[in-house]
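No lab work stands behind these numbers, since they all come straight from the coordinates. Source: prediction; values computed, not measured. Here the Cβ positions follow ideal geometry from the backbone for every residue, glycine too, while neighbour counts run over all protein chains shown.
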Amino acid sequence: MLEVRPAQFGDDAPWTRTTDPARIDADGFLYIVGRADQTIIRGRFKIHPGHVASVLERHPSVRAAAVLAVPDARLGEVPVAVVEPRPGRTPRRADLLDHASGELARYEIPVRVLFVDVLPRTASGKVDLSAARRLAVPEEGTE
């Protein structure tokens, strides 16, 4: 988890733990890789949806992806991916999951992949996770 010392609190500010998992690369650049409060708990395994989405987005046919927790009676939650293909591309579920299995643990692989023409986005251009969730988990009686 990322810890910060907010400059606006002065030089004596204490370190504050955020809910953001982060990494620092070899050049010293900091990358926020997800949010702990969005962590999917599949059985006893923790899955960071941002990491799974970034792996899916490295597939040449994928423009963007969102990974969401979907309730599961046996495991608690399971990951489901909502994927926006690159223009003119038609990714196949099997190819995408094969690509993901090269980088993800078996429990991190999405149980379902939903392809959409365009992922819903907020005004700032980020994927609207609430709207993506409505696509991935329709209300009862709407399927």
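Brief remarks follow.
- Using the rule -39500 (n - 2.57) for each DSSP H run of four or more residues, divided by the residues of the chain, the 222 nm mean residue ellipticity is -5000 deg cm²/dmol.
- Mean Cβ count within 10 Å, highest first, over the residues of peptides 5-18, 48-61, 81-94: 48-61, 81-94, 5-18
- DSSP beta bridges confined to the chain are antiparallel in about 85 percent of cases.
- Cleavage-rule hits, chymotrypsin sites (Phe, Trp or Tyr not before Pro), segment 16-95, DSSP coil, Cβ neighbours within 10 Å at most 13: F29
- Ranked by how many other Cβ atoms sit within 10 Å of their own Cβ, fewest first, the residues T39, T122 fall in the order T122, T39.
- Pairwise label distance in nanometres, E3 with F29, each label 7 Å out on the Cα-Cβ vector: 2.6
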